[in-house]
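The values are calculated or read from the model by the stated rules, or taken from the named source; none is laboratory data. Since we're looking at a predicted model, the values are computed, not measured. As a convention, Cβ positions derive from the backbone with ideal geometry for all residues, glycine included, and neighbour counts pool all protein chains shown. SASA here: full protein model, heavy atoms, side chains in, ligands and nucleic acids out. Shrake-Rupley method; radii C 1.70, N 1.55, O 1.52, S 1.80 Å.
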Amino acid sequence: MNNKAENIEIVEIENRIFSIRGEQVMIDRDLAELYQIGTKVLNQSVKRNMNRFPPQWRFQLSDYEVNELVTKCDRLSILKHSATNPYAFTEQGVAMLATVLRSEIAGQISILIISAFVEMRKFVISNKTILSRVNILEQKQSETDRKFEKVFTAMESG
């Protein structure tokens, strides 16, 4: 493996995977950085091969989605000032990128990225019960907070 590819940890890649539209995706900017090419170069390669990227594998983020992404991740604040919204790639889109980019580093990085997607999927599956319980607890906490708010409001009024 290329030295630069060897230095990339799966955890570093996992931190660049976001859930958007119910899909686990990576944005073009992060992919280009990992592939060591410009974002414009990456998107031009995709445009030359659009038949390989159906909309369910690659889609452009809406203004709302960009704002949500920037809110969640400070390092992406530069997206607020971008003239165009980034594209998001699913795991299948990332796999297709390796065939379109055709460089050794692209192949190596794609393997790491897909491994990160797989690890995240395993984690979610193995922790689904725990995540469900956390959601229930959060809902109960919200209900309790609302009840306390009513009590405090009544006490202040009375």
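Can you tell me how region 18-69 classifies by the Cα gyration tensor, rounded, prolate or oblate, using a/c under 1.5 as the rounded cut? Mind showing how you got there, number by number?
On the way: a/c = 1.94, a/b = 1.31, b/c = 1.48.
Here region 18-69 falls in the oblate category.
Computed FRET efficiency, Cβ-Cβ of Q60 and E149, R0 30 Å: what is it to the nearest 0.05? In this case the efficiency is close to 0.15.
In terms of its C-alpha gyration tensor, the chain comes out prolate, because a/c is 1.5 or above and the ratio a/b outweighs b/c. Pairs of Cα atoms nearer than 8 Å and 6+ residues apart set the relative contact order; for region 66-158 it is 14 percent. In a reduced charge model with +1 at each Lys and Arg Cβ and -1 at each Asp and Glu Cβ, region 107-158 shows a dipole moment near 280 debye about its Cα centre.
Placing a pseudo-label 7 Å from each Cα along the Cα-to-Cβ vector at Q44 and I78 gives an inter-label distance of 1.8 nm.
Please return the longest stretch of the chain lacking exposed loop sites, where trypsin sites (Lys or Arg not before Pro) count only if DSSP places them in a loop and at most 13 other Cβ atoms lie within 10 Å.
Within the chain, the longest run free of exposed trypsin sites (Lys or Arg not before Pro) spans 22-101.
A simple spin-label model places the labels of N67 and R52 3.6 nm from each other, with each point 7 Å out along Cα-to-Cβ. Here the accessible area of the chain is 53 percent carbon and sulfur, with a 1.4 angstrom probe and all protein chains present.
For the chain, a Gaussian network of Cα nodes joined below 10 Å ranks G93, G107, G22 by mean-square fluctuation, and the top entry is G22.
Considering only A88, A32, A106, the mean-square fluctuation computed in a Gaussian network model of the chain, springs between alpha carbons under 10 angstrom, is largest for A32.
Counting each DSSP H run of 4 or more residues in the chain as -39500 (n - 2.57), what helix-only mean residue ellipticity at 222 nm follows after dividing by all residues, to the nearest 500 deg cm²/dmol? Computed ellipticity for the chain at 222 nm equals -20000 deg cm²/dmol.
Placing +1 on each Lys and Arg Cβ and -1 on each Asp and Glu Cβ, with no other charges, gives the chain a dipole about its Cα centre of roughly 440 debye. Simple point charges give the picture: +1 on the Cβ of Lys and Arg, -1 on the Cβ of Asp and Glu, and for region 68-128 a dipole about the Cα centre of about 140 debye. Among L42, L76, L31, the largest mean-square fluctuation in a Gaussian network model of the chain, built with springs joining Cα atoms closer than 10 Å, belongs to L76.
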